[in-house]
1. Do the conditions hold for residue 199, that is, is it in a helix (DSSP H, G or I), modelled with pLDDT under 90, loosely packed, with under 11 Cβ neighbours inside 10 Å and not charged (D, E, K, R)?
2. Which one is modelled with the highest pLDDT, of the residues in region 43-88 that are of a type in the set (A, V, I, L, M, F, W, C) and exposed (fewer than 12 other Cβ atoms within 10 Å of the Cβ)?
3. Of the residues in region 90-103, how many are part of a helix (DSSP H, G or I) and exposed (fewer than 12 other Cβ atoms within 10 Å of the Cβ)?
4. Could you say whether any residue in region 135-144 is in contact with a Ser or Thr (Cβ under 7 Å, 6 or more places away or on another chain), surrounded by fewer than 17 Cβ atoms within 10 Å (Cβ to Cβ) and either aromatic (Phe, Trp, Tyr) or not in a strand (DSSP E or B) (or both)?
5. Which pairs have Cβ atoms under 6 Å, sit 6 or more apart or on different chains, and link a residue in region 22-49 that is within 14 Å of residue 178 (Cα to Cα) to one that is of a type in the set (Ser, Thr, Tyr) and at pLDDT below 95?
6. Does residue 118 satisfy the condition of being under 20 Å from residue 162 (Cβ atoms) and surrounded by fewer than 12 Cβ atoms within 10 Å (Cβ to Cβ)?
7. Could you say which residue among 176, 192, 186 is more than 30 Å from residue 58 (Cβ to Cβ), within 26 Å of the chain's Cα centre (by Cα), at pLDDT 95 or above and not hydroxyl-bearing (Ser, Thr, Tyr)?
8. I'd like to check something: does region 158-172 contain any residue that is in contact with a helix residue (DSSP H, G or I) (Cβ under 8 Å, 6 or more places away or on another chain), modelled with pLDDT under 90, under 28 Å from residue 91 (Cβ atoms) and in a loop (DSSP other than H, G, I, E, B)?
Amino acid sequence: MELKYEDEIEIDLKELFFLLLGSWKMLLLSSVLMAAIVAVFNIYVMTPIYSATAKLYVFPKSTSLSSFADIQLGDSLTQDYMEVITGKFVVKKVIKNLDLDMEYNEMLDCLSVENPTDTRILKITIVDEDPGQAKKIADEFAEVSSDYISDRMDQDAPNILEWADIADEPVAPRTGRNTCIGFVVGFILMSGAIIIGYLMNDTLADAEGIERYLGLNTLAEIPDSASVKEQKGRRNKKKGKK
């Protein structure tokens, strides 16, 4: 009995495969349609977002490259400076200097500070709808942070390693990637609809299905009237040619 069950599962999977293969036009249409919808939404509805990144180099002048303790100090200061840059004083100072109509939390949503592994470099990144505005804010953060660390923390000011550049391409939305995802999603949704329809269809369409699921032998078949008419039409045409 176990072997019979496994055979039936294998046959069902084959039928399902050929069902999907036979529905390739529907699958392709659904995939292309979904991809087109996503592409249009990304291009004409979503607002492009640009990013700009300024870099600070954290290494006090009084430290020595040959001293392990000084290297650890530089790593520790890097973590401290990350907290300072996202602190209220620096963020509010940037907002005030640039006369921005933003609150502290709104600016934090646009700001990210990263420390690449095994470096003492701080990357200050700003995202904004205006690429020029993003560069201006990132540069202001680098300058205000450096001044604040020097004045308030009694430390050597981090060097501004790089000023931000004006981005040529948006970082979001990623139209190409999203369009590909839409194509795949359209294919999956249509495949799911076809599979569900197949699984919910419990009618017996042919003699093979009767023998497989009911275990009954088919003694005779009644041809479909449409196929009979089609066969008669072909015979009449052949007689007419003769």
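1. Working: in a helix (DSSP H, G or I): yes; modelled with pLDDT under 90: yes; loosely packed, with under 11 Cβ neighbours inside 10 Å: yes; not charged (D, E, K, R): yes.
Considered against the rule, which asks whether it is in a helix (DSSP H, G or I), modelled with pLDDT under 90, loosely packed, with under 11 Cβ neighbours inside 10 Å and not charged (D, E, K, R), residue 199 comes out as yes.
2. Of the residues in region 43-88, the ones of a type in the set (A, V, I, L, M, F, W, C) are 43, 45-46, 49, 52, 54, 56, 58-59, 65, 68-69, 71, 73, 77, 82, 84-85.
This time we only want the ones that are exposed (fewer than 12 other Cβ atoms within 10 Å of the Cβ), so: 45, 65, 68-69.
Details: 45: 93, 65: 48, 68: 43, 69: 48.
Applying the filter and picking the extreme gives 45.
3. Pass one, region 90-103, residues part of a helix (DSSP H, G or I): 90-97.
Keeping just the survivors that are exposed (fewer than 12 other Cβ atoms within 10 Å of the Cβ) gives 96.
Residues meeting the conditions: 1.
4. Taking region 135-144 and keeping what is in contact with a Ser or Thr (Cβ under 7 Å, 6 or more places away or on another chain), we get 138.
Remaining after also requiring surrounded by fewer than 17 Cβ atoms within 10 Å (Cβ to Cβ): none.
No, every residue in region 135-144 fails to be in contact with a Ser or Thr (Cβ under 7 Å, 6 or more places away or on another chain), surrounded by fewer than 17 Cβ atoms within 10 Å (Cβ to Cβ) and either aromatic (Phe, Trp, Tyr) or not in a strand (DSSP E or B) (or both).
5. 42/175
6. Details: under 20 Å from residue 162 (Cβ atoms): yes; surrounded by fewer than 12 Cβ atoms within 10 Å (Cβ to Cβ): yes.
Yes: the conditions hold for residue 118.
7. 186
8. Looking through region 158-172, at least one residue is in contact with a helix residue (DSSP H, G or I) (Cβ under 8 Å, 6 or more places away or on another chain), modelled with pLDDT under 90, under 28 Å from residue 91 (Cβ atoms) and in a loop (DSSP other than H, G, I, E, B).
The values are calculated or read from the model by the stated rules, or taken from the named source; none is laboratory data. Source: prediction; values computed, not measured. Cβ: placed from backbone, ideal geometry, glycine included. Neighbour counts: every protein chain shown.
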